[in-house]
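Have a look at the structure below, then the notes.
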Amino acid sequence: MRAPLIVIEGLDRTGKTTQTLRLLSHLNNEGIKNHLIKFPERTTPIGELINQYLTNKRLELSDQSAHLLFSANRWEFQSEIVDLLIKNQTVVVLDRYVYSGVAYSSAKGLDFQWCLSPDIGMPKPDAVIFLQSRDSTATAKREGFGKERYEIESFQNKVRAQFEKFEKDSNWHNIYVDGKSIEQVEREIWEVAEQYITGVQDKLDRFQRK
Ligand code: TMP
């Protein structure tokens, strides 16, 4: 038996971080042990480099190098995630994960399968909750949009198209956020998350070569 691994994904400024924090308070209120990791995790040496790349537009990296850094940043936490799930029986909530890695890099033109390959072997989540927004103009109007490298409306549309390639995965759940209150989205996320939290998780799957 192990605890579930739940991922919240979405385009930039779709309310992902707000909703992740609400999910954590819900788990706390229910007395369920939980741990949040937000990727990129910017505090490690690799994370600091990623932060410079995202915020200081003068740090240039090839698309492939940037992609591999994001993946390396996840690998830094691989054993911690596995231990939390198996040894500590702690629900792990990830704010972005492999799916962002693949969607953002393939939106730049890199091959989709190539983008997935450095993450092969990372734990596969039980549920991916994707905050879906079709209204990129509304997203672009959110506070802070445009501060980081990828916060450009036309690019976000390309990223959305790449994320949608995961929709057929059995662990994928779209939650539409347009026109909904924070509380409404929070309820819908809980309805999905709850099924995994109360269900029994057995073996831990890994990302695999197709
Ligand atoms: P954040 O705004 O959620 O901190 O994410 C930072 C940016 O990094 C966001 O535009 C998505 C992008 N990103 C990637 O390009 N590849 C990745 O693997 C991850 C986790 C994020």
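Only the coordinates and a few stated rules stand behind these numbers; no lab work does. Remember, it's a predicted structure, so these values are computed and weren't measured experimentally. In this analysis, Cβ positions are derived from the backbone assuming ideal geometry, glycine residues included, and neighbour counts consider all displayed protein chains.
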- Message: Please compute the length gained on full extension between Leu36 and Glu80, using 0.36 nm multiplied by the number of residues separating them and subtracting their Cα-Cα distance.
- Response: 14.7 nm
- Task: Could you tally the net charge around Glu194, taking each other residue with its Cβ under 15 Å from the Cβ of Glu194, Lys/Arg +1 and Asp/Glu -1?
- Result: -3
- Suppose every K and R has +1 on its Cβ and every D and E has -1 on its Cβ; what is the size of the dipole of region 18-61 about the Cα centre, in Debye to the nearest 20? 100
- the chain - charge dipole about Cα centre, Lys and Arg +1 at Cβ, Asp and Glu -1, debye rounded to 20: 320
- Message: Just to be sure I understand: of the beta bridges DSSP finds with both ends in the chain, what percent are antiparallel, rounded to 5?
- Response: 10
- Helix-only CD estimate at 222 nm, as mean residue ellipticity for the chain, using -39500 (n - 2.57) per DSSP H run (n ≥ 4): -13500 deg cm²/dmol
- Message: Rounded, prolate or oblate, given the Cα gyration tensor of region 167-210, with a/c below 1.5 counting as rounded?
- Response: oblate
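Under 10 °C and 1.306 mPa s, how fast does the chain diffuse according to Stokes-Einstein, given a Kirkwood radius computed over C-alpha pairs? Answer in µm²/s, whole number. Show your work: numbers first, answer last.
Working: Rh = 17.5 Å.
The estimated diffusion coefficient comes to 91 µm²/s.
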- Message: If amide hydrogens are placed 1.01 Å from N in the peptide plane, which non-local residues have theirs closer than 5 Å to the one on Lys124?
- Response: Asp205, Arg206, Phe207
- Item | Cross-link reach list, aspartates and glutamates versus Lys210, counting only Cα pairs under 13 Å and skipping chain neighbours closer than eight places | Asp119, Asp169
- If you take the beta carbon distance between Tyr150 and Ile182 as r and set R0 to 30 Å, what does 1/(1 + (r/R0)^6) give as a FRET efficiency, to the nearest 0.05? 0.80
- Mind checking which aspartates and glutamates have their Cα closer than 14 Å to the Cα of Lys180? Skip sequence neighbours fewer than 8 apart in that chain. Asp135, Glu188
- Query: Any idea how many Lys pairs in region 61-172 come in under 29 angstrom at the alpha carbon, given 8 or more places apart or on separate chains?
  - Reply: 15
- Sorted by chain and then number, the residues having a modelled amide H within less than 5 Å of the amide H of Lys38, at least 5 places away or on another chain, are Asp95
- Note on the structure: When Tyr196, Tyr176, Tyr97 are ranked with the fewest other C-beta atoms within 10 Å first, the list becomes Tyr176, Tyr196, Tyr97
- Task: Would you calculate the separation in nanometres between label points at Gln52 and Arg206, each defined as 7 Å from the Cα along the Cα-to-beta-carbon direction?
- Result: 3.2
- Projected label distance in nm at Ser25 and Asn171, using a 7 Å step from Cα toward the beta-carbon: 2.8
- Task: Please list 98-108, 41-51 highest first by mean number of surrounding beta-carbon atoms within 10 Å per residue.
- Result: 98-108, 41-51
- Given backbone amide H placed at 1.01 Å from N, residues whose amide H is under 5 Å from that of Phe130, ignoring those fewer than 5 places away on the same chain, are Glu9, His173, Asn174, Ile175
